[in-house]
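Here's the structure we're looking at; comments come further down.
The values are calculated or read from the model by the stated rules, or taken from the named source; none is laboratory data. Keep in mind the model is a prediction, meaning the values are calculated, not measured. Don't worry about glycine lacking a Cβ; one is built from the backbone with ideal geometry, like all the others, and counts go over all protein chains shown. Calculation scope for accessible area: heavy atoms of the full protein, side chains included, ligands and nucleic acids excluded. Shrake-Rupley method; radii C 1.70, N 1.55, O 1.52, S 1.80 Å.
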Amino acid sequence: MGVRRRLDRFAAERVGQVRVLWRRSMQLRVVLSTLAMSVVVVAVLGLVLQTQIADRLVQGKEQAALIQADISRQALERDLARIDPDRDGAQAVLDDVLDRLSTSGQDAEQGGLARGTDPVSDAGAFDAVLIAGSDTVGAVPGTLPTVPGGRGEVSAGPAQIIPPQLRAPVLQGFLATKYLTVASSGQAAPVPTLVVGQPVRTAGRNLQLYLLFPLSAEQRTLALVQSTLALAAGVLLVLLAGISSVVTRQVVRPVRQAADVAERFADGHLDERMPVHGDDEVARLAESYNEMAASIQSQIRQLEEFGALQRRFTSDVSHELRTPLTTVRMAAEVLHAQVDPAEITAARSAQLLVDELDRFETLLSDLLEISRLDAGMAELGLETVDVGAVVRRAAETVRHLVDETHTPLLLDLPDQVLAEIDPRRVERILRNLLANAIDHGESRPIEVRLAADEGALAVVVRDHGIGLKPGEAGLVFNRFWRADPSRQRRSGGTGLGLAISLEDARLHGGWLQAWGEVDRGAVFRLTLPLRHGERLRTSPLPLLPVAAAPAAAEPGIHDAAPTAGTALPPPDDDEAGADGELVPPDLPEPAPPADPGTSSVVR
């Protein structure tokens, strides 16, 4: 069984390789298709030619045999004009006449070949049979005492091979022909033979003359024709394969060159161009591709310059605004401190001024952070810390929002999960996720779950609020985008927090993903490697939640074990790869990701 299993595996691998080669090689497909059609055409043509040649050979043989039969009949009638087959000694006379007839046929064949006569007019060697029998059809020669005077049937030659079906018309005075397969003593296999029978007049009753013409020469000729056709077909197929390969290569080579150039161009080598030779269709294709590549290169450079200018402008403006912002903040604090609480309008205005200045300062900080991330200047301050403590600190920073909205916050944290991370950035990610969940959670419970395996950790934040509408998954990653612009943000966010969180996750080499449905809430999952630099392959926690509702909880932050309502199921089949490994789901991203395994959907 082990050997058979290995053979089956080897055969499956070879079949898979052939399938891959068939899909990827246009030249192979064209050559094999040409060969397949050529085999059909050559087979049909060979069959037609063979049939035509065989028919012509048989027709020529029949014509020559009929001519020879008529000549033999005339000669026998001259020799037997005064012979009565019913007299004594008729057997010796028939044997002698038949011997002379067969000898003259062989001499005529040799003489005709020596003189180079047309083989169609020469019937070749033949055997002869003479029968002086009764008029009873089906009689066995030499056994029927049916002639007058009680004599039996007299015959010369191999009369036993003449079938009754052929003797019947000859006895009635007609010329008849028939093809038989006759076993010859000089040959191992039976030979197809043409038998021509006709009556011969004598002084008494008519004799039956049968001439047997072997078709061995025609057989050899047909075999030679078949072998010649087979050899010619093989040579023709080889030539067609070579010609189709050469012709296809002339077309496939430029296509392969174009594919290689396009791949290098897509990898960032914007100066790659296709070589142009001649003025044919391929040359025009190369020229069109080069023009397109030059246009794309120009536009990419313009976009890069515009992006760099925009980032520099954002950074410069943010820096320049800090000085007047500091001055305005100092003035606002002085006004806020000196306002009389009894003057409600003035006190409210001063408080709004201070709050908006706080939000403005947060916005400037986020803009500076975004500009550093876009410029690739952000750096990680890696430390080996307990991620559970980082989650708790993030939860404490949103306590005021939890108390204000009366939202239960359930924490499911293991005892200790050590990881090499930047705690400041991870805490910011979690803070943004929690604030986002509180803003859209409708005061329903929010679960935070932390888990780890041998190579990765995952933090899942789930709310049971408004969720995501169909089609919004492709827009939620845009900066400053809001699902409901009229909805109040209790956290006072700037619209950049989750975008920054995604970049922070990418800096760690991790994933930031989300799932959501209308009225079922949303799930955000942060997956990070335990050791910086390792590539993620799986996530310890699934992304899709169960359909059960969460258990009731009091408002506030609680450490809770997972319940039937908060537990998340094992990975679904949609998340499992072909080898059983968990891979990120195919969710749309508003911006090109830095890593194909990193995707994010945020609100």
### Query
So, how do all the Cα-to-Cα distances of segment 1-100 break down into 5 Å bins, in percent, from 0 on up?
2, 9, 8, 8, 7, 7, 6, 6, 5, 5, 5, 5, 4, 4, 5, 6, 5, 2, 0
## Note on the structure
Long-range amide H partners of Met274, meaning residues 5 or more apart or on another chain whose placed amide H is closer than 5 Å, are Asn290
### Summary
With the dipole of segment 199-274 defined by +1 on each Lys or Arg Cβ and -1 on each Asp or Glu Cβ, the option from Phe213, Leu240, Ala230 whose Cα lies farthest towards the positive pole is Phe213
### Summary
Charge dipole of segment 182-327 built from unit charges on the beta carbon (Lys, Arg +1; Asp, Glu -1), centred at mean Cα; most positive-end Cα among Thr327, Ile296, Val251 is Val251
### Query
Of Ile161, Ile131, which has the most accessible area and how do the rest follow, probe 1.4 Å?
Ile161, Ile131
### Message
With θ taken as phi - 60° and the coefficients 6.51, -1.76 and 1.60, list the Karplus ³J(HN,Hα) couplings across segment 521-527 in order, rounded to whole Hz; mark glycine and proline as x.
### Response
x, 9, 10, 10, 10, 9, 10
#### Entry: Separation of the Thr323 and Asp8 label points, Cα + 7 Å toward Cβ, nm
8.0
### Task
Determine the dipole magnitude for segment 347-427: charges of +1 sit on the beta-carbon of Lys and Arg, -1 on that of Asp and Glu, nothing else is charged, the reference point is the Cα centre, and the result goes in debye to the nearest 20.
180
## Note on the structure
Quick shape check on segment 53-101: root eigenvalues a ≥ b ≥ c of the Cα gyration tensor, a/c under 1.5 is rounded, otherwise prolate if a/b tops b/c, else oblate, and it reads prolate
### Query
Once a ≥ b ≥ c are taken as the square roots of the eigenvalues of the Cα gyration tensor of segment 318-400, is the result rounded (a/c under 1.5), prolate (a/b larger than b/c) or oblate (a/b not larger than b/c)?
oblate
### Query
Roughly how many nanometres apart are two label points built 7 Å out from the Cα toward the Cβ at Ser298 and Leu352?
5.2
### Task
Order the following by accessible area, largest value first: His440, His406. Probe radius 1.4 Å; ligands, DNA and RNA are ignored.
His406, His440
### Message
Quick check: with the 1.4 Å probe, what order do Val58, Val238 take by accessible area, largest first?
### Response
Val238, Val58
### Message
What is the ratio of the Cα radius of gyration of segment 252-340 to 2.2 N^0.38 Å, with N the residue count, to two decimals?
### Response
2.20
## Note on the structure
At 25 °C and 0.890 mPa s, the Stokes-Einstein diffusion coefficient in µm²/s for segment 157-209, with hydrodynamic radius from the Kirkwood sum on alpha carbon pairs, is 201
### Query
What is the spin-label model distance, in nm, from Met37 to Ile67 if the labels are put 7 Å beyond Cα along the C-beta direction?
4.6
